[in-house]
1. How big is the B-A contact in terms of buried accessible area, both chains counted, 1.4 Å probe, rounded to the nearest 100 Å²?
2. Mean residue ellipticity at 222 nm from the helices of the protein assembly as shown, using -39,500 (n - 2.57) per DSSP H segment of n ≥ 4 over the full residue count, to the nearest 500 deg cm²/dmol?
3. Can you give the mean number of other chain Cβ atoms that lie within 10 Å of the Cβ atoms in peptide A:83-96?
4. Please report how many Lys pairs in the protein assembly as shown have alpha carbons closer than 23 angstrom, counting only residues at least 8 apart along the chain or sitting on separate chains.
5. Once a ≥ b ≥ c are taken as the square roots of the eigenvalues of the Cα gyration tensor of the range A:3-143, is the result rounded (a/c under 1.5), prolate (a/b larger than b/c) or oblate (a/b not larger than b/c)?
6. Within the accessible area of the range A:3-143, what % is carbon and sulfur when the probe is 1.4 Å and the other protein chains stay in place?
7. Keeping every protein chain present and rolling a 1.4 Å probe, give me the accessible area per residue for the range A:3-143 in Å².
8. Enter the mean number of other protein chain beta carbons within 10 Å of the beta carbon of each residue in A:137-145, as an integer.
Amino acid sequence: MSFWEKGYLATAGAVLFAGCVYAYLIWQRSLAAGALVAPDAVSFVTYVIVIVVLSALAFILFASRAATNPESADDVVDGYDERDKLIGHMANAKAHHVTSFGLYMALLAFIVHGSGNILFYTALGALAIGEIAMCLLRVYFYNRAI
Amino acid sequence: MLAARLFLQSGDLSMAKRPPITNRVKELREGHDQMSQSALAKEIGVTRQTVIAIEQGKYSPSLESAFRIARVFGVGLEDVFGWDGD
């Protein structure tokens, strides 16, 4: 598995982990309040920071490990080439459909329930699922003939 | 379920079969003083992973990279790449 594949899997894991923790916290608060609580800036910013920090740590870990291996060290140094760009383009195009579908569902939920809180959480979920899909599709395309 | 199947079967995801372009990159590289994949990658400006994918027939390089590969081995483009499709 290449450096980039490991990095994208780690990013998908980070988004999933942070999303689950965030959803659990909102669920707990909502149970205590007896209704769906409104999103707050502190939780949201923490969620974003957790994803960024976990992803960055994973990339640093994989890069430092790869640097000790003469063969894979080149993969880190050479970085991103034409195949990586093509795979990125293909994965983004597919993940875009996933995100769009989720956002349309969020809008539908808003029309049905009329709740801005539901709109926020479902839209955030759609973005997270779209990000996970993008990472997993990249790994998929790295292992398939393109 | 139908939407998921259509999504997986549509466009890029249906391109799992190998591209119809064949190549002799591995053969030429090994015949070029056992040139390493890393060395070839550096010569043509791609990563070693991309050279591996090209040799395995999982990726057809851009026209520019194809010309660079041919120039590294001092042969013509058609000596490196061939067409195996309809």
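The values are calculated or read from the model by the stated rules, or taken from the named source; none is laboratory data. Keep in mind that this is a model prediction, so the values were computed, not measured. Positions of Cβ are backbone-derived with ideal geometry, glycine not excepted, and every protein chain shown enters the neighbour counts. For accessibility, only protein heavy atoms count, side chains too; no ligands or nucleic acids. Shrake-Rupley method; radii C 1.70, N 1.55, O 1.52, S 1.80 Å.
1. 2000 Å²
2. -24500 deg cm²/dmol
3. Mean inter-chain Cβ contacts per residue within 10 Å come to 3.
4. Eligible lysine pairs with Cα atoms under 23 Å apart amount to 15.
5. Since a/c reaches 1.5 but b/c is at least a/b, the shape of the range A:3-143 is classed as oblate.
6. Using a 1.4 Å probe with all protein chains present, the range A:3-143 comes out at 74 percent carbon and sulfur.
7. Per-residue value: 55 Å².
8. 4
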